[in-house]
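Each remark here refers to the structure printed beneath this line.
Readers should treat all values here as calculations from the given coordinates under stated rules, not as data from a laboratory. Computed from a predicted model, the values in this text were never measured in an experiment. FYI the Cβ positions are ideal-geometry reconstructions off the backbone, even for glycines, and counts take in every protein chain you see.
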Amino acid sequence: MADKKIILASASPRRKELLANLGLKFEVIPSEIEEIIEGKAFSCQLIEQLALDKVMDVKEKVNYPAIIIGSDTVVVIDNKILGKPKDKQDAFNMLKMLSGTTHEVISAVAITDTETGKTLANSVTSKVTFKELSDSEINNYIATGEPMDKAGAYAIQGIASIFIKSISGCYTNIVGISTYKLVEMLKEFEIRIL
């Protein structure tokens, strides 16, 4: 196992930071998979498949022994998937929808070993409750630029933390990958953090 590189199939700075915080040494090779989830009925399997597609895309580019980690995160409210906003109006509509409600954040993790072909995928669900947001709070938040590349148009670890009344479940899952689930899955590939 010592000679296998770990690859993160994501350019997300949040996921990079979460993996670095675990002490993992890894390289980044972002997947080029197009995330097309709008209009699809929500299921954990859909999100897990997207994470799997990402690791398989990167696997095609790698010609050495490696463990590839892929992830995808979506916000779900009333069985509707909120991906990343297309524009400021889309971000406004998403935040208006989340205002004063509880929604779910689902992050899927997929891992594959390029040598053995062993592949696992799993997902974790956390719940987030927003306070009531005024239109001016939403517009001021959008003006920061923070929501534009985030599922559900917010970053819990950023300025949007002031909108959060409560969470239930794994915090890092809401940020972008459940470090608990990731570490449990990595054990199946003989990678231990502690």
- Query: Can you list the HN-Hα couplings for region 76-83, worked out from phi with the Karplus curve (6.51, -1.76, 1.60; θ = phi - 60°), rounded to whole Hz and with x for Gly and Pro?
  - Reply: 10, 9, 6, 6, 9, 7, 10, x
- Task: Report the local net charge at E104: Lys and Arg +1, Asp and Glu -1, summed over other residues whose C-beta lies under 12 Å from its C-beta.
- Result: +1
- Can you put V28, V55 in order, fewest other beta carbons within 10 Å first? V28, V55
- Label-point separation (nm) for L22 and T101, each offset 7 Å from Cα along Cα-to-Cβ? 3.2
- Query: D3 to S134: FRET efficiency via 1/(1 + (r/R0)^6), r the Cβ-Cβ distance, R0 41 Å, to the nearest 0.05?
  - Reply: 0.15
- Item | Net charge contributed by nearby residues that have their C-beta within less than 13 Å of A20 (K/R +1, D/E -1) | +2
- Note on the structure: Between the alpha carbon centres of region 136-194 and region 73-118 the gap in Å comes to 10
- Query: Going down the table (K88/K131; K5/K127; K59/K86; K84/K165; K16/K86; K127/K187), which pairs top 31 Å between alpha carbons?
  - Reply: K5/K127
- Note on the structure: One finds, for D87 and E146 with R0 = 22 angstrom and r their Cβ-Cβ distance, a FRET efficiency to the nearest 0.05 of 0.90
- Note on the structure: Rg from C-alpha atoms of the chain, normalised by the globular rule of thumb 2.2 N^0.38 Å, equals 1.04
- For region 124-194, report the convex hull volume of the alpha-carbon atoms normalised per residue, in Å³, without decimals. 102
- A correct fewest-to-most ranking of I162, I177, I81 by other Cβ atoms within 10 Å would be I162, I81, I177
- Note on the structure: Sorted by chain and then number, the residues having a modelled amide H within less than 5 Å of the amide H of L82, at least 5 places away or on another chain, are V75, V76, I77
- Query: In deg cm²/dmol and to the nearest 500, what is the mean residue ellipticity at 222 nm of the chain if only DSSP H runs of at least 4 residues count, each as -39500 (n - 2.57), divided by the residue total?
  - Reply: -9000 deg cm²/dmol
- Task: Convert each backbone phi in region 130-144 into a coupling constant with the Karplus relation 6.51 cos²θ - 1.76 cosθ + 1.60 (shift: θ = phi - 60°), then list the ³J(HN,Hα) values in order as whole Hz, x for Gly and Pro.
- Result: 8, 6, 5, 10, 7, 4, 5, 4, 4, 5, 5, 5, 4, 4, 6
